[in-house]
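Presented below is the structure to which this report refers.
The values are calculated or read from the model by the stated rules, or taken from the named source; none is laboratory data. Treat the numbers as computed from the prediction; the structure is a model and nothing was measured. All Cβ positions, glycine included, derive from the backbone under ideal geometry; neighbour counts span all protein chains shown. Please note that ligands, DNA and RNA were not included when accessible areas were found on the heavy atoms of the full protein model with its side chains. Shrake-Rupley method; radii C 1.70, N 1.55, O 1.52, S 1.80 Å.
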Amino acid sequence: MKPETTPVTTTKTPSVTTAPHRSHHWRRDLVELAALFTAVAVADGIANLVAHGPSGPGLLMVSAAVLAATAAFHTWWARRHPHAPPAGDSGAPPPVPLTEGPADEWSDETALWRMRTTVADEPGSLAALCTALARARVDILSLQTHPLAEGTVDEFLLRAPRGFSGADLATAAAHAGGRDTWTERADAHDLVDAPARILQLATRTALDSAELPLALRSLLGRCTIRSRPAGGGDCGQEGALEGTVLRLRAPEGGEITVERPHLPFTPTEFARARALVGLDARLGPRVPRGQDLYRLPEGAALTVRRADHADHEAARALHDRCTARTLGLRYHGPVRDADRYLDHLLSPRFGRTLAVFTPAGRAIALGHLLWDGEETEVALLVEDEWQGRGVGTDLLARLVAMAVETGSAGVYAVTQASNTAMVAAMRGLGLPLDYQIEEGTLVITARLGTDGAADAHAVSAPVNAPADAPIDAPVDAATGRSEA
């Protein structure tokens, strides 16, 4: 999180064994020269005997017959007694078993794992680790290295037998000198090439400011991301790396804090995150400007689109037109500082906002999707004149579909028990709901499982949804339930 130290690509090459050098002694040369002269002398004697002897032609015929008989005997003997070594005796050393377990442990059913381990920064340490994994019948699909001041963090994507556990992988790594080993189950999304995935995240961030927290979450894995306003602390122009905490300078000022328990960040990950935040800061605030036209059952034509700080005045005018009761149901009490609420809710750092406009350009409803852990908060504000006409129901369905697109595990709404309209809208989603009431405050949670995701998409397609694959899960961001 898998930025940018170039991933190390390992290539298996056969080992080459150099033949030992044989020195030529002078005695061997003399023996070979003597054998040559002897052969020449014998050949000359036979030639003289054949040419000048009384029975030269007969001797030549007898020699030919003897040679033919010898050749025939050699052929018969070779067929009867082959010289190939017997089966199981090829002269090679016996194979080394890859695993000490039973032979039927390895099968086509495998599981994907991500593993990180720290090894000594010395020649042969990576080779020893790869050998240990191979002996355990674990296939290495990809590898990245993260250099440290002392040692190197090797990050693997592995395919292991189904029966293997994270402890088994850690044990194999420990036998090869690995330490501080961390393992986690992976899925098919991790098979994407790391540079390609980072370019994809950069593209999404370039198109939408709200994608920065989600991109950081996808880049760094399971983590908590918080935004602190300017004046709340200064991490410096370049940010800071503090073990399991990253501090980055926010594009609009202030600080972005990323925390990941039990797995310290590496300098490589810090550089990747800082580059992504730097890209966002250079491009400035931006949201997709597409819009969706639709009609209510009664025939009114409305427009839905993403909103941000540029829509602050229209949102403030909507607040001014709403009654105290409507604002009280939305914010769970009187609104004394609407500007402060809107600055928070319209910021893409905390989520996404949808606004509904009439043909005259008047904002009549706001819907907010706010990042909050593996669940996501939804909130609605509909002008009194437009309540009960299906505006809030349609807006909620769009927000839930956007939550599904980001991979959220669930959405929840914080309201009052007397807000029957919000309760009915949540029920209308057709998703499994959980209810929790505390001192008059009602929290309704909709679980977005496999079936729920399909239902949410069927209700309404998300507005301006990115075309690429969704990331694993939304970001843990401090949104402040009391303000949302």
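Taking 0.36 nm per residue of sequence separation and removing the Cα-Cα distance, the E32/E122 pair yields an extension gain of 27.3 nm.
Label reach from D320 (point 7 Å along Cα→C-beta): in the stretch 351-369, amide nitrogens under 15 Å belong to 362-364. For D190, the solvent-accessible surface computed with a 1.4 Å probe is close to 20 Å², ligands and nucleic acids excluded. Distance from the alpha carbon centroid of the stretch 344-417 to that of the stretch 275-331 works out to 9 angstrom.
The H on the amide N of E242, modeled in the peptide plane, is under 5 Å from the matching H of R247, each at least 5 residues off or on a different chain.
For the stretch 109-155, the equivalent ellipsoid derived from the Cα gyration tensor has semi-axes of 21, 13, 7 Å, listed largest first.
Modelled spin labels at H262 and D434, positioned 7 Å past Cα toward Cβ, are 2.0 nm from each other. When its C-alpha radius of gyration is set against 2.2 N^0.38 Å (N residues), the stretch 104-194 gives a value of 1.03. Spin-label model, R389 to A167: label points 7 Å out along the Cα-to-beta-carbon direction sit 6.3 nm apart. When I437, I256, I198 are compared by accessible area of protein heavy atoms, the largest-first order is I437, I198, I256, using a 1.4 Å probe.
When each pair of different Cα atoms in the stretch 365-416 is counted once in the 1/r mean, what is the Kirkwood radius in angstroms, to one decimal? Its Kirkwood hydrodynamic radius stands at 11.4 Å.
Taking the Cα centre of the stretch 146-244 as origin, sum charge times position over the Cβ atoms of Lys and Arg (+1) and Asp and Glu (-1), and report the length of that vector in debye to the nearest 20.
Taking the Cα centre of the stretch 146-244 as origin, the dipole is about 340 debye.
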